[in-house]
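Colleague: Take this structure, written in structure tokens, and hold onto it; I'll ask about it next.
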Amino acid sequence: MDRILIIEDSKDVNLMLAETLNCAGYNVKSAYTGIDGMNEVRKGDYDLIILDIMLPYKSGDEILKELRTFSDVPVIIISAKDMVSTKIDLLKLGADDYITKPFDLGEVTARVASNLRRFHKQEKINSVLKYKDMLLDSNTKQITVNGKELDLTAKEYLILELLMQNLGKVFSKANMYESIWKEEYLGDDNAIKTHMSNLRNKLKKANPNGEYIETVWGLGYRLYKE
């Protein structure tokens, strides 16, 4: 069952959307402020987010910008702002769809279904990632290097998946911690260093001649450019 998060400060609108989508067969969670919504995004595993723009404490565009640093989950904006420039700006920030208030509940349900179909289709296409002699299957959660399956912890798997999904991108320790642990980074990098050391040792054991994770001094980590 697909999980949907609604971040909307109007209790009436939030409840109306939640009831409609629950009846359509979705598992729905509601948040009413920007901060609560962002916290829920980080700790939850959602398939789609419905996001208002005018929110208390943290705006919808701030949430969207932060979200796109670690997730490609579909986001549908629902807002009373109907200016074309606003829609363009939010789509450039990473929104997948935009619905103007007042809206038809049937249209919202149809847009949700359409975005989820595209997202799951893309997930299947991207289920197997390749880098050098490393293959990652996101469906089976298996990673092989040099033809040998790696025995990884959950966090080690997520670190490699993040790097393989973003080839060439440098992740700071803060970016990596918040993307993997889903918590605010407070400067303690022991967890990252330990997992990175263990991961490198396992990669080296699978292929002693291979080079995979590069430390970009003063910036963070990335996969070596091929």
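Colleague: Under the 0.36 nm per residue contour assumption, what length would be gained going from the current alpha-carbon distance of Met54 and Thr109 to full extension?
Modeller: 17.6 nm
Colleague: Just how large is the dipole of the stretch 73-226 about the Cα centre, in debye to the nearest 20, putting +1 at every Lys and Arg Cβ and -1 at every Asp and Glu Cβ?
Modeller: 340
Colleague: Who wins for biggest fluctuation among Ser79, Ser197, Ser71 in a Gaussian network model of the chain, springs between alpha carbons below 10 Å?
Modeller: Highest fluctuation among the options: Ser197.
Colleague: Next question. Grab the DSSP H runs of the chain that are 4 residues or longer, score each as -39,500 (n - 2.57), total them, divide by all residues and round the 222 nm result to the nearest 500 deg cm²/dmol.
Modeller: -13500 deg cm²/dmol
Colleague: Mind checking which lysines have their C-alpha under 30 Å from Lys11, skipping anything on the same chain fewer than 8 residues away?
Modeller: Lys29, Lys43, Lys58, Lys65, Lys81, Lys87, Lys92, Lys101, Lys182
Colleague: How much length, in nm to one decimal, is gained on full extension between Asn201 and Asp89, taken as 0.36 nm per residue of separation minus their Cα-Cα distance?
Modeller: 35.9 nm
Colleague: Can I ask one more? Among Ile78, Ile192, Ile88, whose mean-square fluctuation peaks in a Gaussian network model of the chain (Cα, cutoff 10 Å)?
Modeller: Ile88
Colleague: Quick one: Cα centre-to-centre distance for the stretch 199-226 and the stretch 30-46, in angstrom?
Modeller: The distance from the Cα centre of the stretch 199-226 to that of the stretch 30-46 comes to 33 Å.
Colleague: Among Ala18, Tyr46, Leu105, whose Cα lies farthest out toward the positive end of the dipole of the stretch 3-125, if unit charges sit on the beta carbon of Lys, Arg (+1) and Asp, Glu (-1)?
Modeller: My answer, from the dipole projection, is Tyr46.
Colleague: Starting from 0.36 nm per residue, how many nanometres of slack lie between Tyr32 and Glu183 once their C-alpha separation is accounted for?
Modeller: Length gained between Tyr32 and Glu183: 52.4 nm.
Colleague: How many nm separate the modelled label positions at Val128 and Lys225, each set 7 Å beyond the Cα in the direction of the Cβ?
Modeller: Distance between the two pseudo-spin positions: 2.8 nm.
Colleague: To continue, here is another question. Which residue, chosen from Phe119, Leu136, Tyr185, occupies the Cα position most advanced towards the positive end of the dipole of the stretch 114-194, where the dipole is computed from +1 (Lys, Arg) and -1 (Asp, Glu) charges on Cβ about the Cα centre?
Modeller: Result: Phe119, furthest along the dipole toward the positive end.
Computed from the coordinates by the stated procedures, all read-outs in this text should not be read as laboratory data. The structure presented is a predicted model; accordingly, all values stated were derived computationally and were not measured. Don't worry about glycine lacking a Cβ; one is built from the backbone with ideal geometry, like all the others, and counts go over all protein chains shown.
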